[in-house]
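Colleague: Let me give you the structure first, and then I'll get to my questions.
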Amino acid sequence: MSTIRTRMGDGYVVELTPEELRADLRAGCADAVKRGKVPPLEEAELDYLYELFAYKGRIVGVEPGHEVILTKDGSVNTLYSAQLSSGVGLPLSREQCMRVFERAFCFDTMEIGHPDYSYKPVKPIVALEAVGVEQALLTTIFPVFYGAMPNFGLYAQPDGPFPNPADLLPRGRIEEAREAQMLMADACKADMLYVARHMADVGADGINFDTTASAGDAELLAVLETVEELAATTDLAIEVGMAAEFVLGFHGQLEYKGTRLAGLWPHQQVKLVEQAGAHLFGPVVNTNSRKSTPWNVARAVSIVKECSRVAEIPIHANVGMGVGGVPMFEVPPPDVLTRCSAAMVEIGRVDGL
Amino acid sequence: MSHALASGMGGIRTTGDLVARMQLRKKMRLPQAKQYVADKLKVGLDDLADSTVMRALREELDIGVITAVPGARKGIEAKRNIAALLDVEVPCLKRL
C-alpha cells in the first residue's frame, strides 16, 4: 500500500496511509470544534487538505490570485541574531537586514526590533531603536513596524520589582497574586506606551505587540488598554499578535469592556482587539507535537477560519515554529511549512501571515 | 522564506507593499485592499501579484522597483509617490 510522507508536530517524518491521513484531518478538526467551540470544516475543505498533504511534491503554494500580505514578528533578528531568536548569525546590521527582506526576500512589510525583543529592556535605549527605525524609513519602500513583546514575566521578581504571582498562587495567596499582576500591568503598559510614542514620533508605519497574553489575562488587559490609548492619540497602525490559542486566567477576574478575558479563543479575542482600535490581529493555534502535521493543520485552520469569519480587521495568522500547524522545531521543514501556509490562506481565509 | 514563496504577494516586486498599506491605514480586509489598489493602478486583480506586469508599471509610476535602477525613486522618495497614488497617509512623510 502506498503511503503519504508527512511530518509529526515535532518535525520528524512519518508515513501515513490514505486512511490515516483522512482520520487525522477529521480528528484535528473535531478537536477544534470541541475545544475552540468553532464550526467544523466543510467536506470540500477536508478534501482540499487531503489533496494538499497527499500531493507528492515538496513545495506547494496558494492558487495564483490568492496571495496574502506578510508581516513578521521577531523583526530582522532572524538574520543577524543568534539561536535565541532562531537567528542565523549573519554579520549584518539591522538596516542591511531590512534591505535584504525588502529586495531579496520580497516581504510585504518588516519590523525593526531589538535583539532583546521585549518592551521593558527597550525602554532605556529607545533612542537607539528610534534611530534604527528612522534610518529604515528613509531607505526602504515597504511599511516598517517596530516590534517587541510585552513579556509580562519581566516585571515580576527576580527580574522585575513586583512580587511574583507564580510564587504566590501555589501558596494560596490569591489576592496578593492578583494585586501583583495589576501592578505589573501598569508598569508594562507604561513601557509599551513610552516606546510606541517614540516610534510614532519618528514616523513608523506601525507597532507590533508580539506574544500578547503570554502570561495570561492581565497581560492582555495591559495590551488592550495600550492599544486603545495609541489608537486615539497616534497615527500608528497597531498589530496585536497572540502568544497562545486561549487566554490563561492567571488573574481570572479581569474584563475588558464587559468581557471576561480568561478563556477567550481567537474568534472572541479578535472582537476585543477590534474594540480597542487595533489594525491587524494575529491569532495563534498551538501545535501538538505528539500529533501529525495534518492533524495540527486541520485543527489550526478550523479555529482561524472562524476568527477570520467574524473579524472586521485584517487577520494575519501566526504560522511559524510551533503555531498555525507548523511543527515545533527550530528549523521548520519547508515541505510542511508551505502546506500550513497554503491551508491557512485557502481554508483559514486569512488576510495575511 | 517558505511563506514568501508559497503565499506572499511579493512586496515591492509586485504590489504587496501597496496592498499592505491599505490594510494598515484603512483596516481593509484583503479583497477590499486588493480591489482598492487595482483600481488606483488601473490593473486587474490578477495583475497585482504578477511581477512581469508590475515591474514595468512600478517603474512607469516611479513608486520603487525591485532592481537597483539609477535615477528611479528609492526609499522615502518612492513613498511620497505611493502616498499620492493611493491617496493614503505614509507617516514618515510628515518629516519632510
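Here, each number is a calculation from the coordinates, and none is a lab measurement. Keep in mind it's a predicted model, so treat the numbers as computed, not measured. Neighbour counts are summed over all protein chains in view; Cβ atoms, including those assigned to glycine, are modelled from backbone coordinates with ideal geometry.
Colleague: Taking only Cα atoms, what is the 0 to 90° angle, nearest 10, from helix A:334-346's long axis to the longest principal axis of chain A?
Modeller: 80 degrees
Colleague: Assuming R0 = 25 Å, can you tell me the calculated FRET efficiency for the pair B:Glu60 and B:Asp87, based on Cβ-Cβ distance, to the nearest 0.05?
Modeller: Efficiency, rounded to the nearest 0.05: 0.85.
Colleague: Another question, if that's okay. Using only helices, what value at 222 nm comes out for chain A when you add -39,500 (n - 2.57) per DSSP H run of length 4 or more and divide by the total residues, to the nearest 500 deg cm²/dmol?
Modeller: That calculation yields -13500 deg cm²/dmol at 222 nm.
Colleague: Pick from A:Asp186, A:Asp159, A:Asp73: which residue has the top mean-square fluctuation in a GNM of chain A where Cα pairs under 10 Å get a spring?
Modeller: A:Asp159
Colleague: Just need the Rg to Rh number for the stretch A:1-125, please, alpha carbons only, Kirkwood Rh. Don't jump to the answer; show the numbers that get you there.
Modeller: On the way: Rg = 19.9 Å, Rh = 18.3 Å.
That ratio is 1.09, to two decimals.
Colleague: Also, I was wondering about something else. Enter the angle in degrees (range 0 to 90, nearest 10) between the Cα long axis of helix A:43-54 and the first principal axis of the Cα atoms of chain A, meaning the one along which they spread out most.
Modeller: The two axes meet at around 80 degrees.
Colleague: On a 0 to 90° scale, report how tilted helix A:293-310 is relative to the longest principal axis of chain A, with both axes built from alpha carbons and the result rounded to the nearest 10.
Modeller: Once rounded, the angle reads 60 degrees.
Colleague: Would you please give the FRET efficiency between A:Glu19 and A:Gln275, computed as 1/(1 + (r/R0)^6) with r the Cβ-Cβ distance and R0 = 60 Å, to the nearest 0.05?
Modeller: For A:Glu19 and A:Gln275, the calculated efficiency is 0.85.
Colleague: Which whole number of Å³ per residue matches the convex hull of the alpha-carbon atoms in the stretch A:86-135?
Modeller: Given the Cα convex hull of the stretch A:86-135, per-residue volume reads 95 Å³.
Colleague: State the percent of C-alpha pairs, over all pairs in the stretch A:175-319, separated by a distance greater than 25 angstrom.
Modeller: Counting pairs separated by more than 25 Å, the tail of P(r) holds 28 percent.
Colleague: Also, I was wondering about something else. What is the Cα radius of gyration of the stretch A:153-224 over 2.2 N^0.38 Å, N being its residue count?
Modeller: With N residues counted in the stretch A:153-224, Rg over 2.2 N^0.38 Å equals 1.25.
Colleague: Can you put A:Ser302, A:Ser341, A:Ser93 in order, fewest other beta carbons within 10 Å first?
Modeller: A:Ser93, A:Ser302, A:Ser341
Colleague: Something else now. Percentage of Cα-Cα pair distances in the stretch A:107-215 greater than 19 Å, rounded to whole percent?
Modeller: That tail contains 47 percent of the Cα-Cα pairs.
Colleague: Simple spin-label model, 7 Å along Cα-to-Cβ: A:Arg35 to A:Glu330 in nm?
Modeller: My value for the distance between the label points is 2.6 nm.
Colleague: While we're looking at this one, here's another question. Would you compute the Debye intensity of chain B from its alpha-carbon atoms alone, equal scatterers and no solvent, and pass along log10 I(q)/I(0) at q = 0.16, 0.21, 0.22, 0.23 Å⁻¹ to two decimals?
Modeller: For chain B at q = 0.16, 0.21, 0.22, 0.23 Å⁻¹, log10 I(q)/I(0) is -0.64, -1.10, -1.20, -1.29.
Colleague: Another one. Using only alpha-carbon positions, what ratio does the radius of gyration of the protein assembly as shown give when scaled by 2.2 N^0.38 Å?
Modeller: 0.96
Colleague: Would you work out the charge dipole size for chain A about its Cα centre, treating the Cβ of every Lys and Arg as +1 and the Cβ of every Asp and Glu as -1, and quote it to the nearest 20 debye?
Modeller: I would put it at about 740 debye.
Colleague: Same structure, new question: Stick to Cα atoms and the Kirkwood definition of Rh, then tell me Rg/Rh for the stretch A:55-122.
Modeller: Rg divided by Rh gives 1.07.
Colleague: Which lysines have a Cα lying under 19 Å from the Cα of A:Lys189, excluding residues fewer than 8 positions away in the same chain?
Modeller: A:Lys120, A:Lys123, A:Lys257
Colleague: What distance in nm separates the simple spin-label points at A:Glu176 and A:Arg290, each placed 7 Å from Cα in the Cβ direction?
Modeller: 3.5 nm
Colleague: Based solely on C-alpha atoms, express the radius of gyration and the Dmax of the stretch A:194-270 in angstrom.
Modeller: Cα radius of gyration and Dmax of the stretch A:194-270 are 13.0, 38 Å respectively.
Colleague: Any chance you could tell me what percent of the C-alpha pair distances in the stretch A:16-58 go past 18 Å?
Modeller: That tail contains 29 percent of the Cα-Cα pairs.
Colleague: Please give the length that would be gained between A:Lys123 and A:Leu92 if that part of the chain were fully extended, namely 0.36 nm times their separation in residues minus their C-alpha to C-alpha distance (nm, one decimal).
Modeller: That works out to 8.8 nm of additional length.
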